[in-house]
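Nothing in this text is a laboratory measurement; each read-out follows from the coordinates by a stated rule. All values reported here derive from a predicted model rather than from experimental measurement. Please note: Cβ atoms are built from the backbone with ideal geometry, for glycine as well, and neighbour counts cover all protein chains shown.
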C-alpha cells in the first residue's frame, strides 16, 4: 500500500519542523526540575507505546494515543499507515534516547504540555533510523502519544 506523504504529515510531526520551531517555557530551577520529571514520565509513556508498535499492535496503539492524535485520523487509517511505514523496517534491534525536550507550544499543534523525544533506532532492515515521538499530557495528567515519525 502506498502511503501519501500528505496523509502522514497530518499526524506525524516532522523532525525539522518540531526541532526548528520548538519553543520551551523555562521558569528557573523549580521549572527545570518539573520539566525533567515531565520528560521522564513522557519517555516512559513513549517506550510503552512504541512497544505496541514493535509488536504490531497498531489498533491498540491508536487506542492508547492522545485525543489530538485520534482527531487527525481514524483507527483503520492509522493501522494501514503505520503498517505501511513500519513493517518494511523489520524487527527492532535496538532503540536509545537521542534527545528529549519539554515544550508548551509546537508548530501546528494546540498549546499544552509536550515532550519531543528522538530515538536512535536500529531495525532489521534499516540500520540507522531516527524515531521522533511526541507525548502530550492529557487533561487527566496522563502522557499519551500525539505524534510519531520515522526517518
Can you give the FRET efficiency for residue 54 and residue 140, using 1/(1 + (r/R0)^6), R0 = 30 Å, r = Cβ-Cβ distance, to the nearest 0.05?
0.70
Take each of the peptides 51-60, 87-96, 114-123, average the number of other beta-carbon atoms within 10 Å over its residues, and list them starting from the highest.
114-123, 51-60, 87-96
How far is the Cα center of segment 88-112 from the Cα center of segment 44-86, in Å?
13 Å
